[in-house]
Amino acid sequence: MNILYILNSNAQFSGASKSLKILLQGLIAREVKPYIVMPEDGPLRNELEDMGCEVLVTNYRANAYPHFDNLKNRILFIPRLIARLVTIHLAIFKVDRWIKNKNINIVHSNVSVVNVGYHVAKRNSLPHIFHIREYGDKDFNIHLFPTRKIALKKVAESYTICITKDLQRYYGLESDPKSMVVYNGINDISKPLIQSTSRDYYLFAGRIEPTKGLLELVQAYKLYHDSITNSLPLLVAGNIGSQEYFDTIQQYITANKLTNEIKMLGLRSDIESLMANAAAIIIPSHFEGFGRCMAEAMWNKCLVIGNDTGGTHEQFTNGNEYCGREIGLRYSNIPGLAKHLIEVHQNGNDYYEQMRKDAYSAVTHLYSNESYINSVYNLYKTKI
């Protein structure tokens with residue numbers, strides 16, 4: 001079967017891209033031919049072409065309003081909105097022409113906030129799938145055009161794959177027979193694990209932008225640092241999503257004399273090794289659709305301290321139901337996070353060994369690649 005995939009970015013290491021690559025590897029082995037559309041060129045294109053995908057790069061944006069959070073963005077709001085709508089419209093025409101002789105069976109949009117795939121599918125009377133990986137407004141401050149209510153009508157007309165039960169509820173799809181919950185596949189269980197050698201630092205891994213909650217983590221770290229002698233450093237691995245937010249964090253670090261304790265590593269390719277050797281990873285996101293980083297950390301037997309919201313909450317709860325006990329440390333405010341940092345330091349790594357084992361067992365069982373790939377493949381088979 002021939003499937004057209006519509007991506008939202010060229011980011012190699014985003015959760016959506018990682019999950020898609022795992023899916024494609026499994027589907028290609030099942031004789032699926034992927035055709036990929038992406039809005040920007042980059043290394044991800046090379047990866048996909050090496051896998052055997054045909055790729056079209058054409059500019060488009062999310063079906064959402066431009067940002068309106070400062071004077072410059074307010075002045076440029078209307079021109080940017082018009083340019084965005086025109087760009088989306090042109091992309092629909094270009095993709096429509098590109099697939100004319102490719103015998104596409106299904107159009108699969110890899111996120112829910114890009115509507116190019118929906119319109120291409122409608123023009124060609126093809127089944128369309130929205131892969132719902134994000135809340136939109138609560139996690140990325142994305143406000144759908146022209147209204148959320150109208151945009152969600154298009155979602156309801158499509159088949160939907162939701163990566164958590166909470167996202168399915170948030171989109172009002174719990175009773176929709178065209179909707180299913182499929183958790184992301186995380187890692188190949190046959191892949192050898194990285195052996196821990198240190199566990200002598202705390203870790204944050206993710207984009208540096210407001211929704212990921214790094215500032216709150218840094219504030220909690222200050223409380224921990226003030227309470228503990230020989231505090232563990234905090235390593236921050238991730239690219240800058242918002243320069244203004246990054247500058248605010250740096251100012252806080254400097255003002256509180258934490259420059260030697262908080263290390264900015266930038267985007268790293270050895271993130272699994274960093275996880276395996278951390279005393280704990282902190283997931284301070286305000287809302288995660290799923291929280292792939294959290295599951296990856298647990299797969300690497302890293303203790304997780306997580307903000308008890310969204311997909312982070314659901315992963316904790318899934319693990320609790322599977323193991324009969326908590327698989328990580330939950331918190332709901334900055335003092336609660338600081339308390340966990342202090343306790344992990346004082347208790348030592350051996351104290352949490354069973355929790356790490358339970359977490360690994362839970363994610364290996366609940367988020368297997370095979371289950372993820374089979375669920376999507378079986379959906380495809382019922383629609384062609």
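The values are calculated or read from the model by the stated rules, or taken from the named source; none is laboratory data. All values reported here derive from a predicted model rather than from experimental measurement. Ideal geometry is used to build each Cβ from the backbone, glycine not excepted, and the neighbour counts take in all protein chains shown.
Read through the list (1) over 28 Å from Y135 (Cβ atoms); (2) under 20 Å from the mean Cα position of the chain (by Cα), then give the number of the only condition that D350 fails.
Just one mismatch for D350, condition (2).
Yes or no, residue by residue, for (1) surrounded by fewer than 16 Cβ atoms within 10 Å (Cβ to Cβ); (2) not in a loop (DSSP other than H, G, I, E, B):
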| position | (1), (2) |
| --- | --- |
| K191 | yes, no |
| S196 | no, no |
| L203 | no, yes |
| E216 | no, yes |
| A220 | no, yes |
| H225 | no, yes |
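Taking the stated definitions as given, is V363 in contact (Cβ under 8 Å) with a residue 12 or more places away in the chain, in a helix (DSSP H, G or I), touching a Phe, Trp or Tyr at 6+ places or on another chain (Cβ under 7 Å) and crowded, with 16+ Cβ neighbours inside 10 Å?
When the stated conditions are applied, V363 passes them.
Checking I161 against (1) in a strand (DSSP E or B); (2) without any contact (Cβ under 8 Å) to a residue 60 or more places away in the chain, only one condition comes out false. Which one?
(2)
Within the set of pairs 6+ apart or on separate chains, which have a first residue in segment 82-109 that is outside the structural domain of S9 (by TED's automatic domain parsing), a second that is assigned to a helix (DSSP H, G or I) and exposed (fewer than 13 other Cβ atoms within 10 Å of the Cβ), and C-beta atoms under 7 Å apart?
Going by the 7 Å Cβ cut-off, there are no qualifying pairs.
(1) in contact (Cβ under 8 Å) with a residue 24 or more places away in the chain; (2) outside any loop (DSSP other than H, G, I, E, B); (3) hydroxyl-bearing (S, T, Y): which one isn't true of T254, the others all being true?
(1)
Restricting to segment 249-271, name every residue that is closer than 23 Å to G348 by Cβ and in contact with a helix residue (DSSP H, G or I) (Cβ under 8 Å, 6 or more places away or on another chain).
E261, I262
From the list E31, E54, E47, pick out the single residue that is in contact with a helix residue (DSSP H, G or I) (Cβ under 8 Å, 6 or more places away or on another chain) and over 22 Å from Q243 (Cα atoms).
So the residue among E31, E54, E47 that is in contact with a helix residue (DSSP H, G or I) (Cβ under 8 Å, 6 or more places away or on another chain) and over 22 Å from Q243 (Cα atoms) is E47.
Would you be able to tell me the number of residues in segment 295-335 that are in contact (Cβ under 8 Å) with a residue 24 or more places away in the chain and in a helix (DSSP H, G or I)?
The qualifying residues number 17.
All but one of (1) small (G, A, S); (2) on the phi < 0 side of the Ramachandran plot; (3) buried (at least 24 other Cβ atoms within 10 Å of the Cβ) hold for A279; which doesn't?
(3)
Could you tell me whether any residue of segment 167-188 is assigned to a helix (DSSP H, G or I) and of a type in the set (D, E, K, R)?
yes
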